[in-house]
1. Would you tally the residues in region 3-22 being of a type in the set (A, V, I, L, M, F, W, C), outside any strand (DSSP E or B) and farther than 22 Å from residue 79 by Cβ?
2. Tally up the residues in region 23-51 that are modelled with pLDDT of 95 or more and assigned to a loop (DSSP other than H, G, I, E, B), please.
3. As an exercise: evaluate residue 43 against (1) closer than 16 Å to residue 82 by Cα; (2) open to solvent by 100 Å² or more (accessible area, probe 1.4 Å); (3) free of Cβ contacts under 8 Å to residues at least 12 places away in the same chain and give the number of the one condition it does not meet.
4. Go through region 53-93 and give me each residue that's open to solvent by 90 Å² or more (accessible area, probe 1.4 Å), among the aliphatic types (A, V, I, L, M) and at pLDDT 95 or above.
5. Only residues that are surrounded by 10 or more Cβ atoms within 10 Å (Cβ to Cβ) and at pLDDT 90 or above: list them for region 1-22, please.
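The values are calculated or read from the model by the stated rules, or taken from the named source; none is laboratory data. Owing to the predicted nature of the structure, the values given are computational and were not obtained by experimental measurement. Cβ placement follows ideal geometry from the backbone for every residue including glycine, while neighbour counts extend to all protein chains displayed. Accessible surface areas use protein heavy atoms only, side chains included; no ligands, DNA or RNA. Shrake-Rupley method; radii C 1.70, N 1.55, O 1.52, S 1.80 Å.
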Amino acid sequence: MEMTKAVYLEWVDSAGFPEWQTQDEIDELVPYCVRTVGLLVKETEDCLIVAVAETLDQGESCFKKCYNGIMSIPRVAVTTRYDIDLTVRDEDE
């Protein structure tokens, strides 16, 4: 049985405009409140790295462990965190 940790995060992200804006439009600009649910790939002092998907260990497979949909979220941006333990069972169990 393999344990995979997942996380639910609420965090604050930057917001911006790619073109010229009036002062009125700028006055309405606020950061985005975001939520993310993902597999916890790595945790450092500064950030949480989450993935949307990971390859499964297939024993003698020639493939290395791979992740997709990677995002690095700065810890200072995280306002809420819930750790989720997922249990992956073999089909025989």
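1. The initial filter retains those residues of region 3-22 that are of a type in the set (A, V, I, L, M, F, W, C), namely 3, 6-7, 9, 11-12, 15, 17, 20.
Subsequent filtering for residues that are outside any strand (DSSP E or B) retains 15, 17, 20.
Still in the list and also farther than 22 Å from residue 79 by Cβ: 17, 20.
Summing the residues that are of a type in the set (A, V, I, L, M, F, W, C), outside any strand (DSSP E or B) and farther than 22 Å from residue 79 by Cβ in region 3-22 gives 2.
2. Of the residues in region 23-51, 3 are modelled with pLDDT of 95 or more and assigned to a loop (DSSP other than H, G, I, E, B).
3. Of everything listed in (1) closer than 16 Å to residue 82 by Cα; (2) open to solvent by 100 Å² or more (accessible area, probe 1.4 Å); (3) free of Cβ contacts under 8 Å to residues at least 12 places away in the same chain, residue 43 misses just condition (2).
4. 70, 76 - these are the residues of region 53-93 that are open to solvent by 90 Å² or more (accessible area, probe 1.4 Å), among the aliphatic types (A, V, I, L, M) and at pLDDT 95 or above.
5. Going through region 1-22, the residues surrounded by 10 or more Cβ atoms within 10 Å (Cβ to Cβ) turn out to be 2, 4-13, 21.
Once the filter is applied, which keeps residues that are surrounded by 10 or more Cβ atoms within 10 Å (Cβ to Cβ) and at pLDDT 90 or above, region 1-22 yields 6, 7, 8, 9, 10, 11, 12, 13, 21.
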